[in-house]
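Below is one structure, written out as structure tokens; comments come after it.
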Amino acid sequence: MIEIVYHKRIHTLEVKGHAGGKRGTDVVCAGVSALVGTLAQALSLLKEQRAVSHLDVQMEPGNAKINCKPRSRMDAVVGVTFDTICIGLDRLAEQYPKKIQMEIR
């Protein structure tokens with residue numbers, strides 16, 4: 001089971017676990033990995049553009065945590081970036097409820 005927690009107010013996404021399929025062939029794991037990787041890359045680009053003052057990305061197999069702090073007046077941009085990715089993660093959780101649990105706090 002993949003457990004995803006999005007802490008909306010502090011712009012943090014935590015992902016733990018595996019979907020349980022065969023390594024390298026599980027479409028659920030691949031989907032989650034692609035979305036989380038996209039979030040990390042998008043926030044990295046925002047950091048390069050100085051929209052983000054702090055970015056911490058930790059990604060390992062079965063474990064990821066992304067936290068960032070937007071600069072003043074950029075909170076909405078960072079929020080939309082997280083929200084967009086979380087829409088995709090939430091849709092995956094709806095399609096595969098036995099493999100993904102998602103919570104927004």
Equivalent ellipsoid, the chain (semi-axes from 5 times Cα gyration tensor eigenvalues, Å):
25, 13, 11
Greater than 20 Å apart at Cα, pairs in LYS8/LYS65; LYS16/LYS47; LYS69/LYS99; LYS22/LYS99; LYS16/LYS69
LYS16/LYS47; LYS69/LYS99; LYS16/LYS69
Report the extension gain between HIS54 and ASP83 in nm, rounded to one decimal, defined as 0.36 nm multiplied by the number of residues separating them, less their alpha carbon distance.
8.6 nm
Leaving ligands, DNA and RNA out of it, work out the accessible area of ARG71 with a 1.4 Å probe and give it in Å² to the nearest 10.
100
Gain upon complete extension [THR25, ARG73; 0.36 nm per residue less C-alpha separation]:
13.1 nm
Looking at the chain as a GNM with Cα springs under 10 Å, which of ASP26, ASP83, ASP75 has the largest mean-square fluctuation?
ASP26
Explain nothing, just compute: Karplus ³J(HN,Hα) = 6.51 cos²θ - 1.76 cosθ + 1.60, θ = phi - 60°, for every residue of the range 62-67 in order, whole Hz, x for Gly and Pro.
x, 7, 9, 9, 10, 9
Compute the acute angle (0 to 90°) between the alpha-carbon long axis of helix 75-95 and the principal axis of greatest extent of the alpha-carbon atoms of the chain; round to the nearest 10°.
10
Measure nothing but the geometry: give the 0 to 90° angle between the long axis through the Cα atoms of 27-48 and the longest principal axis through the Cα atoms of the chain, rounded to 10°.
10
Tally up the carbon and sulfur contribution to the accessible surface of the chain as a whole percent, 1.4 Å probe, everything protein left in place.
52
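The values are calculated or read from the model by the stated rules, or taken from the named source; none is laboratory data. Just so it is clear, the structure is predicted and the values come from calculations on it, not from any experiment. Please note that ligands, DNA and RNA were not included when accessible areas were found on the heavy atoms of the full protein model with its side chains. Shrake-Rupley method; radii C 1.70, N 1.55, O 1.52, S 1.80 Å.
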